[in-house]
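A quick write-up on the structure given underneath.
The values are calculated or read from the model by the stated rules, or taken from the named source; none is laboratory data. What you are looking at is a predicted structure, and each value in this text was computed from that prediction instead of being measured. For neighbour counting, all protein chains shown are included, and Cβ atoms are generated from backbone atoms with ideal geometry for every residue, glycine included. Note: areas computed on protein heavy atoms with side chains; ligands, DNA, RNA excluded. Shrake-Rupley method; radii C 1.70, N 1.55, O 1.52, S 1.80 Å.
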Amino acid sequence: YKVFDVLEIRKDFPILNQTIHGKPLVYFDNAATTQKPQSVIQAISEYYQEFNANIHRGIHTLAEKATAEYEGTREMVRKFINASSTDEIIFTRGTTESINLVAATFGRQQVKAGDEVIITTMEHHSNIVPWQMLCEEKGATLKVIPINDAGEIILEEYEKLLSERTKLVAAVYVSNSLGTINPVKEIIDRAHAFGARVLIDGAQASAHLDINVQELNCDFYAFSSHKLYGPTGIGVLYGKRELLDSMPPYQGGGEMIKEVSFEKTTYNELPYKFEAGTPNIADTVAFKKALEYVNEISKPVAAEYEHELLTYATESLQEINGLRIVGTAKEKISIVSFVVEGVHHQDIGIILDTQGIAVRTGHHCTQPLMQRFGIPGTTRASFAMYNTKEEIDKLVKGLHRVVKMFR
Ligand code: PMP
């Protein structure tokens, strides 16, 4: 793609070419999961048709091919986030499992009674609950960085929370509910000054921002393939090698061992130490195609287009009487969350669906964030590179209809 051509891009996503309740599908639920290009869909069936075999152990041709493809994705992921070695790329089921892995290994090993873990007000439940469970188990304390009314972290308040007791800061790079891009570099540097480690939840960031874990200098970085045009059931945990080396394993089983006897087991090298059992080979292989797709389009080019959509939507939605956008940070990705006076978000979602428009409604797995804004939930439209301004016009039209019905 020499020039960004959204109509060409749309052709790569077969699911978009359908009608819902007789209307062309408008898919605005990309923050929940993105659609998959044909190359990804094809890679899954090719794997099962042509080289399905268990990896790493076999010496036969299919096993070698499957292993090479699986490890090829690992190298692709390494490049995608600029990690220094594939030893630092652990495959998991997704962001949630990546965070739980860190809590169960690094967390259990390092966090003691009286220690503190810091998160932000805008965390997804998957970056809250594992830390709560850990703190409860250890007698540690969970601290929360407050945000302002625009949905931005208040860095001065963050500074006040940091101390020698801080063992870990776990922060979301981009809020799935508000679209806010957090100043993660500052968050990381300030935590390091106190000797704390930092985990970045990159679930939403990875499809929109260029990710460079070495430059960020984060200790852990978690993300999911399915929010990045890839399959579900596969995700990544990046960790600094010296940390991963010193951490105990996560699950025990095949693949993660060097030698097993009934008396003692020694563990495999990185990254296999953290990958017990037969992994999700098919989806991992197909994930590579998703990353190739994103690289081919070029993330900055797609991001610029998505930003145009964000600006257009933010302006267009102003014409809806009683609509208020929740999350007005200066730095945002293409997510608009809003409430409409006198209309419940669930009713908005149902009526938009009759127009073929798919949005997310509710708390978006960020209940404490909703409490901060004093609302039960929002309607969220999240845009990907295949969305268009014409689709945003349809959303606005649909919302006019909603308002007419309920007022
Ligand atoms: N963090 C954020 C910011 C997210 O948006 C999501 C997915 N909604 C997750 C974590 C969890 O990701 P997954 O369900 O793929 O594990």
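As for segment 244-251, it holds at least one residue that is in contact (Cβ under 8 Å) with a residue 40 or more places away in the chain, under 27 Å from V285 (Cβ atoms) and either among the hydroxyl-bearing types (S, T, Y) or not in a loop (DSSP other than H, G, I, E, B) (or both). Applying the criterion of being within 14 Å of the ligand (Cβ to nearest atom) and either loosely packed, with under 15 Cβ neighbours inside 10 Å or under 20 Å from I188 (Cα atoms) (or both) to the residues of segment 212-262, the residue that is nearest to the chain's Cα centre (by Cα) is F223.
Inspection of segment 380-392 finds a residue satisfying the criterion of being among the hydroxyl-bearing types (S, T, Y) and buried (at least 21 other Cβ atoms within 10 Å of the Cβ).
Evaluate segment 138-160: report whether one residue or more is among the aromatic types (F, W, Y) and either in contact with a His (Cβ under 7 Å, 6 or more places away or on another chain) or within 16 Å of the ligand (Cβ to nearest atom) (or both). I'd like the intermediate steps shown before the answer.
Here is the first cut: in segment 138-160, the residues among the aromatic types (F, W, Y) are 158.
Those left that are additionally either in contact with a His (Cβ under 7 Å, 6 or more places away or on another chain) or within 16 Å of the ligand (Cβ to nearest atom) (or both): none.
Within segment 138-160 (the criterion being among the aromatic types (F, W, Y) and either in contact with a His (Cβ under 7 Å, 6 or more places away or on another chain) or within 16 Å of the ligand (Cβ to nearest atom) (or both)), the answer is no, since none of the residues qualifies.
For segment 92-106, the set of residues classified as within 13 Å of the ligand (Cβ to nearest atom) and either at pLDDT below 95 or more than 18 Å from E242 (Cβ to Cβ) (or both) consists of T92, R93, G94, T95, T96, E97, S98, I99, N100, listed by residue number. If you filter segment 107-129 down to residues that are in a helix (DSSP H, G or I) and open to solvent by 10 Å² or more (accessible area, probe 1.4 Å), you find that the one that is nearest to the ligand (Cβ to nearest atom) is S126. With respect to Y229, is the statement that it is more than 30 Å from N268 (Cβ to Cβ) and among the aromatic types (F, W, Y) true? For Y229, the condition - more than 30 Å from N268 (Cβ to Cβ) and among the aromatic types (F, W, Y) - is met. Pairing each residue of segment 355-373 that is farther than 13 Å from S126 by Cβ and away from the ligand (no atom under 11 Å from the Cβ) with any residue that is of a type in the set (G, A, S) and assigned to a strand (DSSP E or B), provided the two are 6+ apart or on different chains, yields C-beta distances under 7 Å for V359/A381.
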